[in-house]
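First comes the structure, then the notes that go with it.
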Amino acid sequence: MKILAVDYGDARTGLASCDRSESIASPVGTISEWNREKLLEKISAKAHELGTELIVVGLPKNMNGSEGERAEKCKEFAAQLSELSGIETTLWDERITTVEAIGILNETNVRGKKRKAVIDTVAATLILENYLEYRKKKGLAN
């Protein structure tokens, strides 16, 4: 199944996609867009371009598992994206993906403006990798 992962942000949103066999998560890029409606349209268009069958939106829970204001924004965003695109959308706990993304970028010595440009895409890729692992464990993967 072709799956698109979204790391939603107010200014930058990272995207990652997988192959039909759900074995490789690849970065798709970052969309820099402040206007939510335009962002939804751009992601929907990209999802259709990639032949996406499922969209996974990162859900930023607090470390204790509770959900705050940002999680509510992501839930609303996911619902709007599903409605606009006509593609099923699910939420995935992304608690430590940004921390992991920073660690990866530190290890590869990506700094400054370059880091800002790719951190959301790396986070989206990690969200997708974690979701694909879950699907494999549950026997849901193709």
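Remarks
- Count of region 13-32 residues, restricted to those that are in contact (Cβ under 8 Å) with a residue 60 or more places away in the chain, of a type in the set (D, E, K, R) and in contact with a Ser or Thr (Cβ under 9 Å, 6 or more places away or on another chain), is 0.
- Given (1) open to solvent by less than 60 Å² (accessible area, probe 1.4 Å); (2) at pLDDT 95 or above; (3) in a helix (DSSP H, G or I), index of the condition L84 fails: (1)
- Verdict on L4 being at pLDDT 95 or above and either closer than 11 Å to L132 by Cβ or outside any helix (DSSP H, G or I) (or both): yes
- All conditions in (1) over 17 Å from T90 (Cβ atoms); (2) open to solvent by less than 50 Å² (accessible area, probe 1.4 Å) hold for A47, with the sole exception of (1).
- Of all residues in region 22-39 being aliphatic (A, V, I, L, M) and outside any helix (DSSP H, G or I), the one that is nearest to C74 (Cα to Cα): I31
- Restricting region 50-71 to residues that are closer than 14 Å to D7 by Cα and out of contact with any helix residue (DSSP H, G or I) (no Cβ under 9 Å at 6 or more places or on another chain) leaves a set whose member that is most open to solvent (accessible area, probe 1.4 Å) is R70.
The values are calculated or read from the model by the stated rules, or taken from the named source; none is laboratory data. Predicted, not measured: the structure shown is a model, and the values here were computed from it. Positions of Cβ are backbone-derived with ideal geometry, glycine not excepted, and every protein chain shown enters the neighbour counts. SASA here: full protein model, heavy atoms, side chains in, ligands and nucleic acids out. Shrake-Rupley method; radii C 1.70, N 1.55, O 1.52, S 1.80 Å.
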